[in-house]
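Everything on this sheet refers to the single structure shown next.
The values are calculated or read from the model by the stated rules, or taken from the named source; none is laboratory data. Here the structure is a predicted model, which is why all the values come from computation and not from measurement. Note: ideal-geometry Cβ built from the backbone for every residue, glycine included; neighbour counts use all protein chains shown. Just so you know, the surface numbers come from the protein's heavy atoms only, side chains and all, with ligands and any DNA or RNA stripped out. Shrake-Rupley method; radii C 1.70, N 1.55, O 1.52, S 1.80 Å.
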Amino acid sequence: MANDDVIIKIENVTKRYGKVAAVDNVSLEIKRGEFFALLGPSGCGKTTLLRMIAGFEVPTEGKIFIDGVDVSNVPPNKRPINTVFQSYAVFPHMSVFDNVAYGLQFDNVPKADQYQRVMAALADVKLDHLADRKPDQMSGGQRQRVALARALVKRPKVLLLDEPLSALDAKLREAMRFELTALQEKVGVTFVMVTHDQDEALAMADRCAVMERGRLMQTANPSSLYEFPSNRFVADFIGSVNLFAGKLVVDEPSHAQFYSEELGGKVFFDHGVSGAANENMWVGIRPEKIEMIKHVKKGPTPAMEDCPPDCNVFKGVIKQISYLGSESVYEVMLPNERIMRVTRPNLSRWDQEDFTWDDEVWLCFHGDSPVLLQN
Ligand code: ADP
Ligand code: MG
């Protein structure tokens with residue numbers, strides 16, 4: 001039975017070009033009305049997957065359902081879907097109005113209705129005052145909105161967007177993030193966006209699928225991807241993370257311990273992790289979850305008891321400091337010469353303990369901060 005909340009169902013889809021699997025056995029459900037992002041590094045198969053949803057490519061194996069219908073034999077123009085491509089092609093010599101109306105001419109929409117629908121679509125993208133303008137007299141951001149209006153005027157159930165913001169400069173790209181999310185909320189159409197930019201995906205999407213080398217690594221909402229990545233690739237691709245190889249040595253329902261030779265000690269978890277105890281795994285610790293404590297008070301040797309109770313504690317020496325404005329990044333060398341990265345916000349100056357090169361510090365993090373990661 002078709003689940004009413006699922007608009008796109010991708011079932012064991014593989015796409016091979018010769019021997020290369022551009023998309024490798026991907027299964028995925030996208031919900032009606034959601035802003036969904038396909039995220040991953042360049043070449044991981046995002047566009048190929050999007051093109052199969054649109055119908056421009058045929059899966060080598062597997063099936064795609066749209067609104068409960070197997071679309072294997074449905075051509076692109078018969079799918080309830082529209083696509084906004086990376087290089088948003090608009091006709092430069094036609095007015096904005098005609099560009100948007102163009103898509104309706106082949107749908108036998110009566111002229112009066114056409115006018116209503118084009119103007120409504122232009123209002124959605126805040127271009128109704130520029131209906132007579134030609135795209136070659138417009139900015140990149142405005143041309144992008146023309147392309148969006150032209151796709152939305154067809155009233156698709158799903159709008160596919162391939163790197164929609166990549167042609168815009170950095171400032172405009174950030175502004176357009178908010179505009180696109182607001183637009184999606186307003187029109188309520190399911191958006192599926194391809195991007196290689198993790199900030200963009202996290203900021204805009206309700207849920208993201210992270211891909212690597214054709215495979216799906218994890219599907220979750222942005223905060224879960226960041227806080228609970230399930231494998232090393234996702235932890236490293238989304239944000240910054242300290243990674244250490246090792247294995248679980250205690251695996252209880254209420255707590256766990258991970259031993260890492262690389263780290264030179266054990267990491268305690270204040271919760272169960274349900275890992276496979278013998279497998280080689282990784283522990284990930286986000287730089288902002290580590291507290292740095294300096295110990296001038298207690299003589300030449302830092303005192304461990306200054307750290308809060310129930311903390312993981314490691315000794316280190318500050319080797320590098322990068323000032324990034326709102327925060328600074330500290331590279332702290334552990335006794336075994338491995339580096340742990342720590343970030344601290346640069347708050348008001350009189351509140352802050354100052355850290356400098358060669359300071360001896362304790363690094364503390366609570367048992368809820370580390371994440372256990374599959375290889
Ligand atoms: P992404 O959009 O994530 O950057 P693509 O889906 O464009 O990645 O490509 C995934 C992989 O498939 C790449 O290795 C790419 O070279 C290959 N590929 C994509 N399209 C074709 C094609 N038409 N013929 C051969 N190889 C292709
Ligand atoms: Mg691509």
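Taking a span of 27 Å or more along the helix axis (Cα atoms) and a mean Kyte-Doolittle hydropathy of at least -0.5 as the rule, no DSSP H helix of the chain qualifies. Ranked by the mean number of other Cβ atoms within 10 Å of their residues, highest first, the peptides 338-344, 200-206 fall in the order 200-206, 338-344. Each peptide among 316-326, 223-233 gets the average number of other Cβ atoms lying within 10 Å of its residues, and from highest to lowest they stand as 223-233, 316-326. Note on Ser72 and Phe106: their simple-model spin labels are 2.6 nm apart, each label 7 Å out from Cα toward Cβ.
In this structure, the pairs whose alpha-carbon distance is over 26 Å, taken from Lys15/Lys78; Lys171/Lys289; Lys31/Lys289; Lys134/Lys157, are Lys171/Lys289; Lys31/Lys289; Lys134/Lys157. Over the chain, Cα pairs under 8 Å with separation of 6+ residues give a relative contact order of 15 percent. Under Stokes-Einstein, with the Kirkwood radius over Cα pairs as Rh, the value for the range 6-229 at 4 °C and 1.567 mPa s is 72 µm²/s.
Electrostatic bookkeeping for Arg143 treats Lys and Arg as +1 and Asp and Glu as -1; over the other residues with beta carbon under 13 Å from its beta carbon, the sum is +3.
Solvent-accessible surface of the chain, averaged per residue with a 1.4 angstrom probe and all protein chains in place: 50 square angstrom. Taking amide H as placed 1.01 Å from N in the peptide plane, the amide H of Phe35 sits under 5 Å from that of Phe191, Asp206, Arg207, each at least 5 places away or on another chain. Placing a pseudo-label 7 Å from each Cα along the Cα-to-Cβ vector at Ser223 and Glu279 gives an inter-label distance of 2.7 nm. Whole-percent P(r), the range 233-285, all Cα pairs, 5 Å bins from 0: 5, 21, 29, 23, 17, 4. A Förster radius of 56 Å combined with the Cβ-Cβ distance from Gln116 to Lys19 puts the calculated FRET efficiency at roughly 0.60. Of the solvent-accessible surface of the range 118-225, computed with a 1.4 Å probe over protein heavy atoms with every protein chain present, carbon and sulfur atoms account for 45 percent. Gain on full extension, evaluated as 0.36 nm per residue between Lys294 and Asp368 minus their Cα-Cα distance, stands at 24.4 nm.
Within the chain, DSSP assigns beta bridges of which about 75% are antiparallel (rounded to the nearest 5). Between the range 138-209 and the range 108-137, the alpha-carbon centres lie 18 Å apart.
Under 1.5 on a/c is rounded, so check that first for the chain, then, if it is not, pick prolate when a/b is larger than b/c and oblate when it is not; a ≥ b ≥ c are the square roots of the alpha carbon gyration tensor eigenvalues. Taking the square roots of the gyration eigenvalues as a ≥ b ≥ c, the chain is prolate. Is the C-alpha gyration tensor of the range 1-91 telling us rounded, prolate or oblate? Criteria: a/c under 1.5 is rounded; beyond that, a/b larger than b/c is prolate, otherwise oblate. It is rounded, given that a/c, with a ≥ b ≥ c, falls under 1.5. Between Val249 and Ser322, what FRET efficiency comes out of the Förster formula 1/(1 + (r/R0)^6) with R0 = 30 Å and r the beta carbon distance, rounded to 0.05? After rounding to 0.05, the efficiency reads 0.30.
Put simply, when 103-116, 354-367 are sorted by average Cβ atoms within 10 angstrom per residue, most first, you get 354-367, 103-116.
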